[in-house]
Amino acid sequence: MKIACLGGGPAGLYFAISMKLRDRAHDITVFERNRPDDTFGWGVVFSEETFDNITANDPPSAEKIRAHFAYWDDIAVYYRGQRVVSGGHGFSGIARKKLLMLLQHRARELGVNLVFQTEIASAAALAKDYDLVVAADGLNSRTRNEFAEYFKPAIDLRKNKFVWLGTQQKFNDAFTFIFEETEHGWIWAHAYQFDADTATFIVECAEPTWQKFGFGAMSQDGSCRTCERIFADYLDGHSLISNASHIRGSAWLNFPRVLCERWSHQNIVLMGDAAATAHFSIGSGTKLAMESAVSMADYLHSEPNMQAAFAKYEDARRTEVLRLQSAARNSMEWFEDVERYLHLDPVQFNYSLLTRSQRISHENLRMRDKNWLEGAEAWFQRLAGAEDNAVRRPMFAPFRLRDLHLKNRVVVSPMAQYKAVDGSPTDWHLVHYAERAKGGAGLVCIEMTCVSPEGRITPGCTGMYTPEHETAWKRIVDFVHAETDAKICCQLGHSGAKGSTQLGWEEMDAPLQSGNWPVISASATAWSERNQTARAMTRTDMDRVREQFVAAAKMAERAGFDMLEIHCAHGYLLSSFITPLTNQRTDEYGGSLENRMRYPLEIFRAVRAVWPVEKPISMRISANDWVGPDGIEPHDAVAIARLLREAGVDICDVSAGQTSIKAHPVYGRMFQTPFSDRIRNETGMATMAVGNIFEPDHVNSILMAGRADLVCLARPHLADPYWTLHAAAKLGDHGETWPKPYYAGRDQLYRLAGGGEQVTGRV
Ligand SMILES: Cc1cc2nc3c(=O)[nH]c(=O)nc-3n(C[C@H](O)[C@H](O)[C@H](O)COP(=O)(O)OP(=O)(O)OC[C@H]3O[C@@H](n4cnc5c(N)ncnc54)[C@H](O)[C@@H]3O)c2cc1C
Ligand SMILES: Cc1cc2nc3c(=O)[nH]c(=O)nc-3n(C[C@H](O)[C@H](O)[C@H](O)COP(=O)(O)O)c2cc1C
């Protein structure tokens, strides 16, 4: 095959090497516009996994690369006058220039033709003379633009500013992050040694800080001198150096996140940064470039023709690239939003930084550095007011809201059972809630319990509007209090336009087959074309419903509930006021967010006035309608939470969606937790996170990183009422309380889990 590689970076060179290794007969030319030893940038980072891959592909070049590696194990974070160090992270780095020289040497050795100082104006022209053109022309790929209509690139220019500098100051004991507060805002550095004398020193900040420093108008030299002053305490008199002389102007960049819809066109294929980029903060650009090169070379030798090889290459690499881009995006966004976390204690800030890409879990951090993690866990327990000094997972830390003391941070999320008879909970509910309270969760929240018969979602929903309901709930609450140390919360709600529908396991949200009752909502809207159109509430309706909430709260108090939650999420009545999708009112309850929040807050204030002062109230909201700017978006949820907090709501239960049939939720592990994180860290309000949280590891990392105060699990508690006790056994934690009659089962479980013969916990 006659092959042209457009670009002599890691992708172009390593592809040429990989092809020659598979068949020496290939005729390969690499065209590079720069000279052999010109290069932008400083050092690149490799993980062990990447290194194993390149070792398997070409042991001789891997060996040479390894010989020039700088290794480090620790990550050090300078923040608010403290240096926090954690270990076990295992990186290696090499100068980009050294890496390219080694790859050039290896390519020449294998017979690749290297042509330097040759700028290729058009890949189309090359494509006529070569069987295959590999466009490895980097971040600003000209080829990608030349064939934009085929490759369909999506380029997202990110908001932070960064500059890639170097220094001879030693950072050889740790990958170092330095956060500095200046008169113009926060600015930070990512620093790592990559050879005996030199370290990469990337400086990053938000655009307003960059503007205030005037970096845009500075020469590269001017930027270096200014950054030296900012980071003087860490540079020990060493200067900062730029080697981006090929870039005109200041050399500060905005990171472009690139992903192309297609990676090949006719006999041209994109590779490396030209096809897709991953943010520098997870150090994976060179990894992606080199691993893609190996993959393409493999498929060109295993597939019957070039087009089949391209298809396989795109298929295989796209999955890997998307996986890395997702981690890189999390990491990049963490740095973009870092000001949200700058109030955190150094311990928690460090944890948040280390887990920012969400690739490193709580237990994974323990494997990396047990001592550091245990120190962080002890800090968490101390802050939570734990009585003993035991090192325990964050999920087993106590929590206090007003006079409510929870033994741990796990919450059974409210879940409708659809088993009520005329609104009255039955033996089903007694057994169901009793089991969950025995199962170890600190707080059990009962299902949406409706304040009136017409406020029920389905005929099977529970209510709190007759003396019989109060008595039946009291029986359940009394059991929980008498037999367990869990607390129990009553969720009160009104179904609004989503009322008069079928049981959860029938056709959810669809109207009843018969016996429908009229429904009300903020405006005259219908949940779907099949549902009845609600009547827009009049002021008289609003007064009546408010009094129904007040009456229900009084009954909940008499029944003995420890906490109340007002349901303002998921498209039900109060949610229909909050979201503009269903609130089209023109009075003072519609329009601005303040107006749309007026009625839910009126309900809250009325309920708060009759609910005992020592008991907390939560409001559950949908923090994202998942319809884009027409509905509630996460930044609106922050504004909602501010209003809740000002009104005196104790905690915000941060759910999302179910407000419109047009929603396009983006599901994934812990997919709603970012909304809780944002609310908690931008408003200072306590939050509960919920949504596809199912592992103890998820719960611990959410809590330890300060992304929520409590964690709700719904479906996991349907499958396993004893989720918390089982998690404790699995983790070898002996501090949770088991029901006395179950001790023998507990002991066996701990023995089986390898937790030892003795159970010494509080009983
Ligand atoms: C601040 C920063 C820090 C980074 N840190 C790391 C890190 O720690 N670890 C890591 O793995 N990656 C890192 N990267 C990313 C890494 O540098 C790239 O992802 C990687 O180099 C991609 O390889 P490539 O071969 O696709 O592109 P490049 O390395 O950009 O190579 C493209 C080559 O093509 C040449 N070229 C372009 N157009 C033409 C043309 N028309 N004619 C001839 N030649 C042309 C260019 O001169 C260049 O040499 C970082 C990037 C930045 C910006
Ligand atoms: C069967 C079922 C019933 C639910 N009923 C309610 C409810 O009554 N009130 C409420 O706020 N959320 C309700 N939800 C939503 C859950 O509380 C939770 O927010 C959601 O299931 C996501 O959490 P998970 O991924 O842990 O299941 C219900 C969920 C399920 C699965």
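Can you tell me which residue within segment 683-697, out of those that are part of a strand (DSSP E or B) and either of a type in the set (Gly, Ala, Ser) or touching a Phe, Trp or Tyr at 6+ places or on another chain (Cβ under 9 Å) (or both), is nearest to ligand 1 (Cβ to nearest atom)?
Ala689
Looking at segment 572-627, which of the residues that are of a type in the set (S, T, N, Q) and crowded, with 19+ Cβ neighbours inside 10 Å is nearest to Gly560 (Cα to Cα)?
Only one residue fits best here, namely Ser618.
Could you tell me which residue of segment 169-205 is nearest to ligand 1 (Cβ to nearest atom), considering only residues that are polar (S, T, N, Q) and surrounded by 17 or more Cβ atoms within 10 Å (Cβ to Cβ)?
Residues of segment 169-205 polar (S, T, N, Q): 169, 172, 176, 182, 193, 198, 200.
Next cut, surrounded by 17 or more Cβ atoms within 10 Å (Cβ to Cβ) only: 169, 176, 193, 198, 200.
On the way: Gln169: 18, Thr176: 14, Gln193: 12, Thr198: 13, Thr200: 7 Å.
By that ranking, first place goes to Thr200.
Mind listing just one residue for me: the one in segment 646-665 that is polar (S, T, N, Q) and more than 11 Å from ligand 2 (Cβ to nearest atom) and, of those, least open to solvent (accessible area, probe 1.4 Å)?
Thr659
Any residue at all in segment 288-300 that is surrounded by fewer than 24 Cβ atoms within 10 Å (Cβ to Cβ), charged (D, E, K, R) and away from ligand 1 (no atom under 13 Å from the Cβ)?
yes
Which pairs do you get when a residue that is farther than 17 Å from Ala569 by Cα and in contact (Cβ under 8 Å) with a residue 60 or more places away in the chain, found in segment 509-538, comes within reach of a residue that is open to solvent by less than 40 Å² (accessible area, probe 1.4 Å) and of a type in the set (Asp, Glu), reach meaning Cβ atoms under 9 angstrom, with the pair 6+ apart or on two chains?
Cβ pairs passing all conditions: Ser528/Asp509.
Run Arg359 past the list (1) charged (D, E, K, R); (2) over 20 Å from His190 (Cα atoms); (3) surrounded by fewer than 18 Cβ atoms within 10 Å (Cβ to Cβ) and report the number of the one that doesn't hold.
Of (1) charged (D, E, K, R); (2) over 20 Å from His190 (Cα atoms); (3) surrounded by fewer than 18 Cβ atoms within 10 Å (Cβ to Cβ), only one is false for Arg359: (2).
Could you look through segment 698-726, keep only residues that are assigned to a loop (DSSP other than H, G, I, E, B) and over 14 Å from the mean Cα position of the chain (by Cα), and pick out the one that is nearest to ligand 1 (Cβ to nearest atom)?
Per the criteria, the residue is Asp709.
Just for segment 362-387: of the residues that are free of Cβ contacts under 8 Å to residues at least 24 places away in the same chain and not in a helix (DSSP H, G or I), which one is most open to solvent (accessible area, probe 1.4 Å)?
Among residues in segment 362-387 that are free of Cβ contacts under 8 Å to residues at least 24 places away in the same chain and not in a helix (DSSP H, G or I), the one most open to solvent (accessible area, probe 1.4 Å) is Glu387.
Filter segment 184-233 down to residues that are among the β-branched types (Val, Ile, Thr) and in contact (Cβ under 8 Å) with a residue 24 or more places away in the chain and give me whichever is farthest from Asn160 (Cα to Cα).
Within segment 184-233, the match that is farthest from Asn160 (Cα to Cα) is Thr198.
Quick one: how many residues across segment 516-538 are touching a Lys or Arg at 6+ places or on another chain (Cβ under 7 Å) and open to solvent by less than 30 Å² (accessible area, probe 1.4 Å)?
3
What is the residue count in segment 480-502 for residues that are closer than 20 Å to Gly423 by Cβ and out of contact with any Lys or Arg (no Cβ under 9 Å at 6 or more places or on another chain)?
Within segment 480-502, residues that are closer than 20 Å to Gly423 by Cβ and out of contact with any Lys or Arg (no Cβ under 9 Å at 6 or more places or on another chain) number 9.
Residues checked against (1) of a type in the set (Asp, Glu); (2) over 26 Å from Ile651 (Cα atoms); (3) open to solvent by less than 30 Å² (accessible area, probe 1.4 Å); (4) part of a loop (DSSP other than H, G, I, E, B):
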| site | (1), (2), (3), (4) |
| --- | --- |
| Val391 | no, yes, no, yes |
| His405 | no, no, no, no |
| Gln417 | no, no, yes, yes |
| Trp428 | no, yes, no, no |
| Val431 | no, yes, no, no |
| Ala434 | no, no, yes, no |
| Ala441 | no, no, yes, yes |
| Val444 | no, no, yes, no |
| Glu447 | yes, no, yes, yes |
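Identify, from the list Arg409, Arg392, Arg402, Arg436, the residue that is in contact with a Leu (Cβ under 8 Å, 6 or more places away or on another chain) and not aliphatic (A, V, I, L, M). Talk me through it step by step, then tell me what you get.
On the way: Arg392 fails: in contact with a Leu (Cβ under 8 Å, 6 or more places away or on another chain); Arg402 fails: in contact with a Leu (Cβ under 8 Å, 6 or more places away or on another chain); Arg436 fails: in contact with a Leu (Cβ under 8 Å, 6 or more places away or on another chain).
From the options Arg409, Arg392, Arg402, Arg436, the qualifying one is Arg409.
Give the residues of segment 315-341 that are of a type in the set (A, V, I, L, M, F, W, C) and open to solvent by 10 Å² or more (accessible area, probe 1.4 Å), sorted by residue number.
Those that are of a type in the set (A, V, I, L, M, F, W, C) and open to solvent by 10 Å² or more (accessible area, probe 1.4 Å): Ala316, Leu322, Trp334.
Taking only segment 123-151 into account, find how many residues are on the phi < 0 side of the Ramachandran plot, open to solvent by less than 40 Å² (accessible area, probe 1.4 Å), near ligand 1 (Cβ under 9 Å from one of its atoms) and not hydrophobic (A, V, I, L, M, F, W, C).
Residues meeting the conditions: 3.
Which of the residues spanning segment 691-729 are of a type in the set (Ser, Thr, Tyr) and open to solvent by less than 10 Å² (accessible area, probe 1.4 Å)?
Quick first cut of segment 691-729, residues of a type in the set (Ser, Thr, Tyr) only: 701, 722, 724.
Answer for segment 691-729, where residues must be of a type in the set (Ser, Thr, Tyr) and open to solvent by less than 10 Å² (accessible area, probe 1.4 Å): just Thr724.
Among the residues of segment 399-422, are any in contact with a Lys or Arg (Cβ under 7 Å, 6 or more places away or on another chain), more than 16 Å from ligand 1 (Cβ to nearest atom) and under 30 Å from Val84 (Cα atoms)?
Checked against the condition, which is being in contact with a Lys or Arg (Cβ under 7 Å, 6 or more places away or on another chain), more than 16 Å from ligand 1 (Cβ to nearest atom) and under 30 Å from Val84 (Cα atoms), segment 399-422 yields at least one hit.
Considering only residues that are in a strand (DSSP E or B) and of a type in the set (A, V, I, L, M), look in segment 483-536 and name the one that is farthest from ligand 1 (Cβ to nearest atom). Give the steps one after another, and end with the answer.
As a first pass, look at segment 483-536 and keep what is in a strand (DSSP E or B): 487-493, 501-502, 508, 511, 520-521, 535-536.
After this cut, where a residue has to be of a type in the set (A, V, I, L, M) as well, the list is 488, 492, 508, 520, 536.
Values: Ile488: 51, Leu492: 52, Met508: 47, Ile520: 56, Ala536: 55 Å.
Per the stated criteria, the residue is Ile520.
Can you name every residue in segment 468-491 that is open to solvent by less than 10 Å² (accessible area, probe 1.4 Å) and either free of Cβ contacts under 8 Å to residues at least 24 places away in the same chain or over 32 Å from the mean Cα position of the chain (by Cα) (or both)?
If the condition is that a residue be open to solvent by less than 10 Å² (accessible area, probe 1.4 Å) and either free of Cβ contacts under 8 Å to residues at least 24 places away in the same chain or over 32 Å from the mean Cα position of the chain (by Cα) (or both), then His469, Trp473, Ile476, Val477, Val480 are the ones that fit.
Quickly run through segment 676-694 and pick out the residues that are within 16 Å of ligand 2 (Cβ to nearest atom) and under 14 Å from Asp636 (Cα atoms).
Of everything in segment 676-694, those that are within 16 Å of ligand 2 (Cβ to nearest atom) and under 14 Å from Asp636 (Cα atoms) turn out to be Ser676, Ile679.
Pick out, from segment 148-231, the strands (runs of 3 or more DSSP E) lying fully within it that include 2 or more residues that are more than 26 Å from the chain's Cα centre (by Cα).
The qualifying strands (runs of 3 or more DSSP E) are 153-167, 199-205.
Across segment 136-162, which residue is nearest to ligand 2 (Cβ to nearest atom) among those that are touching a residue at least 12 places away in the same chain (Cβ under 8 Å) and of a type in the set (Asp, Glu)?
Asp156
Which numbered condition in (1) more than 30 Å from Leu353 (Cα to Cα); (2) outside any helix (DSSP H, G or I) is the only one that Tyr71 fails?
Only one criterion in (1) more than 30 Å from Leu353 (Cα to Cα); (2) outside any helix (DSSP H, G or I) is unmet by Tyr71, namely (1).
Out of contact with any Lys or Arg (no Cβ under 9 Å at 6 or more places or on another chain) and either open to solvent by less than 30 Å² (accessible area, probe 1.4 Å) or more than 8 Å from ligand 1 (Cβ to nearest atom) (or both): does that describe Glu49? Write out each step before concluding.
On the way: out of contact with any Lys or Arg (no Cβ under 9 Å at 6 or more places or on another chain): no; either open to solvent by less than 30 Å² (accessible area, probe 1.4 Å) or more than 8 Å from ligand 1 (Cβ to nearest atom) (or both): yes.
Judged against the criteria, Glu49 is not a match.
Of the residues in segment 19-53, how many are more than 18 Å from Asp137 (Cβ to Cβ) and part of a helix (DSSP H, G or I)?
Within segment 19-53, residues that are more than 18 Å from Asp137 (Cβ to Cβ) and part of a helix (DSSP H, G or I) number 9.
Among the numbered criteria (1) more than 16 Å from ligand 2 (Cβ to nearest atom); (2) under 28 Å from Arg402 (Cβ atoms), which single criterion is violated by Met464?
(1) is the only condition that Met464 fails.
The values are calculated or read from the model by the stated rules, or taken from the named source; none is laboratory data. Note that the structure is predicted; figures quoted are calculated from it, not measured. For neighbour counting, all protein chains shown are included, and Cβ atoms are generated from backbone atoms with ideal geometry for every residue, glycine included. Areas reflect the complete protein model, heavy atoms only, side chains present, ligands, DNA and RNA absent. Shrake-Rupley method; radii C 1.70, N 1.55, O 1.52, S 1.80 Å.
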